[in-house]
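The structure under discussion appears below in the form of C-alpha cells.
Just so you know, all these numbers are worked out from the coordinates, no wet-lab data involved. Since the model is a prediction, treat every value here as computed from it, not as a measurement. A quick note on method: Cβ atoms are made from the backbone with ideal geometry, for glycine too, and the neighbour counts reach across all protein chains shown.
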Amino acid sequence: TIWNLGSINADMIYDVPHLPAPGETLAANRLDRFLGGKGANMSVAAARAGARVAHIGAVGPDGRWALERLTEYGVDTRYIAGVQEPTGHAIIAVDTKGENNIILFPGSNHAISRDQLGQALSSASQGDLLVMQNETNLQVEAARMGHELGLTVCYAAAPFQADAVEAVLPYLDFLILNEIEAEQLQQASGQSVTDLEIEHVIVTLGSKGARYYHRGAPSDFPALKVEAVDTTGAGDTFTGYVLAGMDRGMPMAQAISQANRAAALMVTRHGTADVIPDLKEVHEAQFD
Ligand code: ADP
C-alpha cells in the first residue's frame, strides 16, 4: 500500500478575454472545475498504475465531489477528513493566448490533524510506502512516524521550500525533485544530490527524461519523444508511477522506464488528475 499525505485541490479554470487589471471586474466565458493538487495527482497516478493507494488529507464542506472523483479513480478515501476550512483550491484565469494568473488557497490542506495521521499510519504495515509533498501540514511528523514504523519514506520536494526539504531529509529513503528544485536545494544547503545520504534520489529533467541516483551513483533514463501540449501534472504522474512500481517490488529501472512512458503520454493531454493514463494506456502507447 502507498500512504499519501497529500493536498487535494479544486482547480477552477476561468476562460477570460484578457487577464484582469487591478480594480477591473471581468466576466469569464467559461468555468471548468478539475481535480488537482500534487497530492491528489500522485494518488490518482499511483492508483491508475495499479497500486493500492490510501490518501491522507482533508477537504471542506464543499469537497464531497473531490472524494467521489478520487474514489472513482481507485483511491481509498477513508483517511480523508472533513473539516470546516474550505477545500484547497486554485483560481486560474486563462486568457486567449494561454497566459494565466493563479490564486492558490491551501485551505483544508493545512487542517490535517495529528490524530488523523496517527490513526491512518497505525493501519500501515512495515514495507508500505509513505509519500509527502510540500502542500500540506504535518510533513515532518509524518516522515518521522513513517521512518519509525519501518515504512519507505518518500518526498516530492514541490513546491520547493528549502526548510521543508531540510526538515524531512533525515527520514527519507526516496527523494524526487525536478532540475530547478535540485539546483535550489544545492544553493540553499550547499549539498548536491550526490552528497545526500538517501538511498534513492530521482531528478526529473522534463523533455530530457530523468536521472536516478542509487546511493549517489547516477543512471540516465531518456524521455520519450512526444508532441507536448500541456506539461502540468507530468511530474506528479511520473512520481505516482515510480511509487507504484516500487510498491510492487519492481526494479527501479523498470519503474522509472514505465514512469517516463506515463509522463510522456500525460504531456500530450490537457488537464491534470482527470486525464492521468492508466497502465493499459501506458503499455499500449506507441512512441517514435
Ligand atoms: P515537473 O513537471 O515536476 O517540473 P518535469 O518537467 O521534469 O517535472 O517532468 C517530469 C517527467 O515528465 C519527466 O521526467 C519526463 O518523464 C516527462 N516529461 C516532461 N516533459 C516532457 C516532454 N516534453 N516530452 C516527454 N516527456 C516529458
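Couple of notes before you dig in:
- Residue tally, condition small (Gly, Ala, Ser) and either assigned to a loop (DSSP other than H, G, I, E, B) or touching a Pro at 6+ places or on another chain (Cβ under 6 Å) (or both), over segment 35-88: 8
Quick grid of which residues meet (1) closer than 16 Å to residue 236 by Cα; (2) buried (at least 20 other Cβ atoms within 10 Å of the Cβ); (3) hydrophobic (A, V, I, L, M, F, W, C):
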{"residue": "18", "(1), (2), (3)": "no, no, no"}
{"residue": "51", "(1), (2), (3)": "yes, yes, yes"}
{"residue": "55", "(1), (2), (3)": "yes, yes, no"}
{"residue": "62", "(1), (2), (3)": "no, no, no"}
{"residue": "85", "(1), (2), (3)": "no, no, no"}
{"residue": "98", "(1), (2), (3)": "no, no, no"}
{"residue": "106", "(1), (2), (3)": "no, no, no"}
{"residue": "112", "(1), (2), (3)": "no, yes, yes"}
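- Close pairs from segment 126-139: first farther than 10 Å from residue 156 by Cβ, partner of a type in the set (Gly, Ala, Ser) and buried (at least 23 other Cβ atoms within 10 Å of the Cβ), Cβ under 8 Å, at least 6 apart: 130/142; 130/143; 130/146; 136/6; 136/7; 136/39; 136/57
- If only residues of segment 208-228 that are within 18 Å of residue 157 (Cα to Cα) and among the aromatic types (Phe, Trp, Tyr) are counted, the one that is nearest to the ligand (Cβ to nearest atom) is 212.
- Residues located in segment 92-111, provided they are over 17 Å from the mean Cα position of the chain (by Cα) and assigned to a loop (DSSP other than H, G, I, E, B): 95, 96, 97, 98, 99, 111
- Test for residue 43: is it in contact with a Ser or Thr (Cβ under 7 Å, 6 or more places away or on another chain), under 18 Å from residue 240 (Cα atoms) and buried (at least 24 other Cβ atoms within 10 Å of the Cβ): no
- Condition met for residue 200 (surrounded by fewer than 23 Cβ atoms within 10 Å (Cβ to Cβ), touching a strand residue (DSSP E or B) at 6+ places or on another chain (Cβ under 7 Å) and within 25 Å of residue 1 (Cα to Cα)): yes
- Among the candidates 239, 231, residue that is surrounded by 16 or more Cβ atoms within 10 Å (Cβ to Cβ), within 9 Å of the ligand (Cβ to nearest atom) and in contact (Cβ under 8 Å) with a residue 24 or more places away in the chain: 239
Residue-wise test of (1) over 20 Å from the mean Cα position of the chain (by Cα); (2) under 23 Å from residue 160 (Cα atoms); (3) charged (D, E, K, R).
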{"position": "196", "(1), (2), (3)": "yes, yes, no"}
{"position": "200", "(1), (2), (3)": "no, yes, no"}
{"position": "206", "(1), (2), (3)": "no, yes, no"}
{"position": "231", "(1), (2), (3)": "no, yes, no"}
{"position": "243", "(1), (2), (3)": "no, yes, no"}
{"position": "247", "(1), (2), (3)": "no, no, yes"}
{"position": "256", "(1), (2), (3)": "no, yes, no"}
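- Residue list for segment 257-286, restricted to those being under 17 Å from residue 210 (Cα atoms) and either surrounded by fewer than 23 Cβ atoms within 10 Å (Cβ to Cβ) or basic (Lys, Arg) (or both): 257, 258, 260, 261, 265, 267
- The set of residues in segment 263-281 that are touching a residue at least 60 places away in the same chain (Cβ under 8 Å), within 14 Å of the ligand (Cβ to nearest atom) and out of contact with any Gly (no Cβ under 8 Å at 6 or more places or on another chain) contains only 277.
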